[in-house]
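Heads up: the structure comes next, in structure tokens.
The values are calculated or read from the model by the stated rules, or taken from the named source; none is laboratory data. Keep in mind it's a predicted model, so treat the numbers as computed, not measured. Neighbour counts are summed over all protein chains in view; Cβ atoms, including those assigned to glycine, are modelled from backbone coordinates with ideal geometry. Calculation scope for accessible area: heavy atoms of the full protein, side chains included, ligands and nucleic acids excluded. Shrake-Rupley method; radii C 1.70, N 1.55, O 1.52, S 1.80 Å.
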Amino acid sequence: MGKNVVTWTVRVIVYIGLLAFFIWVFSNSYLNHLVENFEEFLVLLRQHIQLVALSSFLAIAVAVPSAILVTRPQLQRFEGVVSTVVNFGYTIPNMAILALMMGIMGIGFQTAVVALFIYSILPIFRNTLAGIQSVNSNLIDSAKGMGFKPYQILFKVELPNAAYSIIAGIRTAVVINIGATALAYLIGGGGLGNWIFVGINVFDNSILISGALPITILAITVDIFLRLLERKVVPRGARPSTR
């Protein structure tokens, strides 16, 4: 009960803060730049979404199978090596990753995708690994006793029970990625970061907020969508207790 009260109190404070922010934005006409340059906004928004979608897809395609592989008995000895490599990519600041990839690949969209991909792997890998490793060993033993083969245990027991942790990792990575993608502008990757940095350079809040606010709304929208997906995909028994 006490935990729920704290949770809802924090939510109410956040919602009030967001409402006050939107009132401030509209009362000062800070979205005029977006309205007056709507076609350019759509181009930048498309670029931003493409950067997030491609880099996140690549991160999921690499991180989830990698975590699954290092939890297999014959490959568990490689868990430390893979974890170290993945952690290394995340511990480097995103600006440093962008600079490093720019030095290797030059500037442009593809360089930004690779840099964001590297930065997005760890949350997905770590949560997938933790989710699979936290599956009750009694469930696995029961599945073995029923004659399940290893791949059946993986897909019918381990992954369904680890689904909550996996999706939570994906949600974290994607939402962080949406914000980090603003930096892609610095290496010619495009996106809404264009308006953010132009607004900073010319001290124009209208340009700055016209880039920052859509990124915030996009991150909130994606987070809500992934939470709804989580409820559809994760078995009820595999969800953490809300009590």
Next item on the list: Compute the relative contact order of region 116-243 as a whole-number percentage, counting only Cα pairs closer than 8 Å that sit 6 or more residues apart in sequence.
Entry: 27 percent
Next item on the list: State to the nearest 20 debye the size of the charge dipole of the chain about its Cα centre, where the only charges are +1 on K and R beta carbons and -1 on D and E beta carbons.
Entry: 1220 debye
Check: So which DSSP H runs in the chain come out at 15 Å plus along the axis (Cα) with average Kyte-Doolittle of at least 1.6?
Finding: 94-105
Checklist line | Residues with amide H under 5 Å from that of Y30, placed H, sequence gap 5 or more | finding: none
Note to self: Once you order the gyration tensor axes a ≥ b ≥ c over the Cα atoms, which shape class does region 1-143 get: rounded for a/c under 1.5, otherwise prolate or oblate by comparing a/b with b/c?
What the structure shows: oblate
Item checked: Relative contact order of the chain, pairs being alpha-carbon contacts under 8 Å that are 6 or more residues apart, as % -> 25 percent
Margin query: I need two numbers for the chain: Rg to one decimal and Dmax as a whole number, Cα atoms only, in Å.
Written below: 21.1, 68
Item checked: By average C-beta atoms within 10 angstrom, highest first, the peptides 24-34, 140-150, 171-181 -> 171-181, 24-34, 140-150
Next item on the list: Using a 1.4 Å probe over the heavy atoms of the protein chains, calculate the carbon and sulfur portion of the accessible area of the chain as a whole percent.
Entry: 67 percent
